[in-house]
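For reference, the structure discussed in these notes is given below.
The values are calculated or read from the model by the stated rules, or taken from the named source; none is laboratory data. Being a predicted model, the structure only gives us computed values, none of them experimental. No Cβ is skipped: glycine too gets one built from the backbone with ideal geometry, and neighbour counts run over all protein chains shown.
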Amino acid sequence: MNKFEEMGVNPEIVRGLVTLGYEQPMPVQEQAIPILLEGNNDLLALAQTGTGKTAAFGIPILQHVNTSTKVTQALILSPTRELCMQIAGDLENYSRYIKGLNVLAVYGGANIDIQIRGLKRGAHVVVATPGRMLDLIRRKQTDFSNVNTVVLDEADEMLNMGFRDELNGILAETPDKKRTCLFSATMPKEISGMAHKYMNDPEEITVGARNKGADNVSHVYYMVSNKDRYKALKRIADMNPDINGIVFCRTRKNTQEVADLLIQDSYSADALHGDLSQAQRDYVMQKFRRKNLRMLVATDVAARGIDVSDLTHIINYELPDDPETYIHRSGRTGRAGKRGISVALVGPKRRHSIKHIENKLGKKFERAAIPTGKQVCERQLFHLIDRVDKVDVNEELIGEYMSSVFKKLEELDRETIIKHFVSLEFNRFLDYYRDASDIVAPDESNRNKNSRDRLRVAREGDVRLFINLGKMDKLTVPSLIGLINDATRRKNIPIGKIDLLKNFSFFEVNEAHVDILMKSFKRVHYKGRKVNIEISDKAPSYNHRSHSGHRKGGRNSGGGYNDGGRSSGRSAGGRRSR
Ligand code: AMP
């Protein structure tokens, strides 16, 4: 006996489940099926997409259907056409060995007459989107007087989509005495209100930890300025040549724009949002399911209920306002024991959102730097080489062409041929990334900017200070300023010229700040070394302002700070060999 049979599921249905490979019930099924197979209790279930809830409510519904009559006995409402079709298809699969059981899907955007004919023929279970269902009720094409079970699936999403009135209208058409089951991924106040209104002392179940994301999903965020957002997306895609994921945007317009840009840039991508016709949406979904599309750029609403397994990445091109939506988005990867990555591109104003999400998720994000052009090129190159190494060679098929191919290439030696093949595939990346500058996080570029803003023209009264840290210590202009900031507890002391040398450096401040600086650095360590500051015997730069390049170089180019070759020779003397 398998576990479903032990739970009291009919052998015909178990047979259907086995053909689908369902051997063990999933947790939501383990909890809900016994409740729904026995008694009449209502059910309030907090369960996310992908947890197996279709079978949790579907199996008991099918088992209770009386096929000796044609009347409709169960009604399932779901927010989108895709989900509606998916549920109906699943129920048909579970019940394929039950003779004469009819499931009908009715949804908007499809021919209503065909659906009316379906209802007339008799559907034991109707799976519907709320708008179309109410339309059919108003046209008096339904008879729900024998409905004994109503399921509100993805109830939170139906409310988000503004279906409240439709739900009220539909439920008013069903008998008072029935079982109501409400499934929702989140439990906002409106849902509790709805449960209160429509349900009678429901049994409550929660699948997995409440609001927790899947365990095998790792969460990574990148800080990006808005202008770099798209470039960052491309780098992430390029760093992951086997990507198969959903890119979430907040609006239909952005969704289309991002998809268009990706398509223009030769990525395998397309858009899915509510402005597309149903036929277009079906076409896109078909491509995505068949893995002919690597990146589906979608709005939350359009992507609801999409059940595509094996997604490697969820990319939050724009973070949603509600942390629950993030959790929902990220839950589309890392399914069926596979690992998944949920990526967030976070603009300068949304950094706080990460904390909120972490709190809800009960998990930490890892912050990562946008890959550099060089990293992307390396990844692509090795991916290509790996593919060359592992490709299946069909000797039979290519055999007849090979002698002419060898002849054509006979002038080239092995090394040249390899270079040519690699270049053929790889030039696109090299060309794009050759001169690509790094994408710097806005907080860092701001920090640098602020640092640079604090650099000022040298003035009379400036003093040149020696510090026993240099480039060997990985000291940079921003890190030196950060160090001064930290040591002086953010007194924002204006800093003049900085000369970064190999083993030590110089910086200039007004004499009024020297004491505080010297004091502040008494007990400061940097990377494990005690920091030493002394007044240098070399004159500060205002004395040789005739070096007109100094400020310009100092401000605009990192290298400009390093004109201190001159100063190093003279001032620090023996300190050079510390
Ligand atoms: P759902 O949340 O109903 O959309 O289901 C999520 C995925 O899990 C679907 O691909 C189902 O086919 C699959 N599934 C549901 N129940 C089981 C089960 N007991 N064993 C294996 N796969 C299942």
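Note on region 267-379: enclosed helices (runs of 4 or more DSSP H) holding 1 or more residues that are closer than 22 Å to Pro442 by Cβ, over 14 Å from the mean Cα position of the chain (by Cα) and in the same structural domain as Asn226 (by TED's automatic domain parsing) are 351-361.
Filtering region 138-158 to residues that are surrounded by fewer than 20 Cβ atoms within 10 Å (Cβ to Cβ) and out of contact with any strand residue (DSSP E or B) (no Cβ under 7 Å at 6 or more places or on another chain) leaves Arg138, Arg139, Lys140, Gln141, Asp143, Ser145, Asn146. Thr67 falls short of the stated requirement of being closer than 21 Å to Ile205 by Cα and surrounded by fewer than 24 Cβ atoms within 10 Å (Cβ to Cβ).
Residues in region 80-106 that are crowded, with 24+ Cβ neighbours inside 10 Å, under 14 Å from Leu62 (Cβ atoms) and more than 14 Å from the ligand (Cβ to nearest atom): Ser95, Val103.
Restricting region 35-64 to residues that are crowded, with 23+ Cβ neighbours inside 10 Å and β-branched (Val, Ile, Thr), the residue that is nearest to the ligand (Cβ to nearest atom) is Thr54. Tyr198 satisfies every condition listed in (1) at pLDDT 95 or above; (2) aromatic (Phe, Trp, Tyr); (3) not assigned by TED's automatic domain parsing to the domain that holds His356 except (1). Within region 101-121, the set of residues being in a loop (DSSP other than H, G, I, E, B) and either within 22 Å of Ala303 (Cβ to Cβ) or at pLDDT 95 or above (or both) comprises Leu101, Asn102, Tyr107, Gly108, Gly109, Ala110. Restricting attention to region 154-163, does a residue exist that is assigned by TED's automatic domain parsing to the domain that holds Thr51, closer than 21 Å to Thr54 by Cα, of a type in the set (D, E, K, R) and assigned to a loop (DSSP other than H, G, I, E, B)? Checking region 154-163: at least one residue is assigned by TED's automatic domain parsing to the domain that holds Thr51, closer than 21 Å to Thr54 by Cα, of a type in the set (D, E, K, R) and assigned to a loop (DSSP other than H, G, I, E, B). Do we have any residue at all in region 273-294 that's within 19 Å of Met85 (Cβ to Cβ) and modelled with pLDDT of 95 or more? Scanning region 273-294 turns up no residue that is within 19 Å of Met85 (Cβ to Cβ) and modelled with pLDDT of 95 or more. In this structure, Glu203 does not qualify as within 26 Å of Gly331 (Cβ to Cβ), out of contact with any helix residue (DSSP H, G or I) (no Cβ under 6 Å at 6 or more places or on another chain) and in contact (Cβ under 8 Å) with a residue 60 or more places away in the chain. Inspect all residues belonging to region 296-304 and state whether any of them is surrounded by fewer than 19 Cβ atoms within 10 Å (Cβ to Cβ) and within 16 Å of the ligand (Cβ to nearest atom). Taking every residue of region 296-304 in turn, none turns out to be surrounded by fewer than 19 Cβ atoms within 10 Å (Cβ to Cβ) and within 16 Å of the ligand (Cβ to nearest atom).
Only a single criterion out of (1) more than 10 Å from the ligand (Cβ to nearest atom); (2) out of contact with any helix residue (DSSP H, G or I) (no Cβ under 6 Å at 6 or more places or on another chain); (3) hydrophobic (A, V, I, L, M, F, W, C) is not satisfied by Leu77, namely (2). Candidates in region 18-34 are the residues that are under 19 Å from Thr206 (Cα atoms) and not in a loop (DSSP other than H, G, I, E, B); of these, the one that is nearest to the ligand (Cβ to nearest atom) is Gln29. Here Glu5 meets the list (1) more than 15 Å from the ligand (Cβ to nearest atom); (2) free of Cβ contacts under 8 Å to residues at least 12 places away in the same chain almost entirely, failing just condition (1). Specify the residue that is surrounded by the most Cβ atoms within 10 Å (Cβ to Cβ); the eligible residues are those in region 479-494 that are closer than 13 Å to Val509 by Cβ and at pLDDT 85 or above. Across region 479-494, the extreme among qualifying residues is Ile484. All conditions in (1) outside any loop (DSSP other than H, G, I, E, B); (2) touching a strand residue (DSSP E or B) at 6+ places or on another chain (Cβ under 6 Å) hold for Asp135, with the sole exception of (2).
Each row is one residue, and each column tells you yes or no for (1) under 30 Å from Tyr107 (Cα atoms); (2) without any contact (Cβ under 8 Å) to a residue 40 or more places away in the chain; (3) buried (at least 21 other Cβ atoms within 10 Å of the Cβ).
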position: Asn292; (1), (2), (3): yes, yes, no
position: Asn316; (1), (2), (3): yes, no, yes
position: Pro323; (1), (2), (3): yes, yes, no
position: His328; (1), (2), (3): yes, no, yes
position: Ala344; (1), (2), (3): no, no, yes
position: Lys355; (1), (2), (3): no, yes, no
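The single condition from (1) part of a loop (DSSP other than H, G, I, E, B); (2) under 29 Å from Ala368 (Cα atoms); (3) at pLDDT 85 or above that Asp435 fails is (3). Evaluation of Asn41 against the conditions (1) in contact with a helix residue (DSSP H, G or I) (Cβ under 8 Å, 6 or more places away or on another chain); (2) farther than 20 Å from Pro175 by Cβ shows that the sole unmet condition is (2). Please work out which residue is surrounded by the fewest Cβ atoms within 10 Å (Cβ to Cβ), limiting yourself to region 251-271 and to residues that are touching a Leu at 6+ places or on another chain (Cβ under 8 Å) and touching a residue at least 40 places away in the same chain (Cβ under 8 Å). Ranking the qualifying residues of region 251-271, first place goes to Val258. Applying the criterion of being modelled with pLDDT under 85 and small (Gly, Ala, Ser) to the residues of region 446-478, the residue that is farthest from the chain's Cα centre (by Cα) is Gly461.
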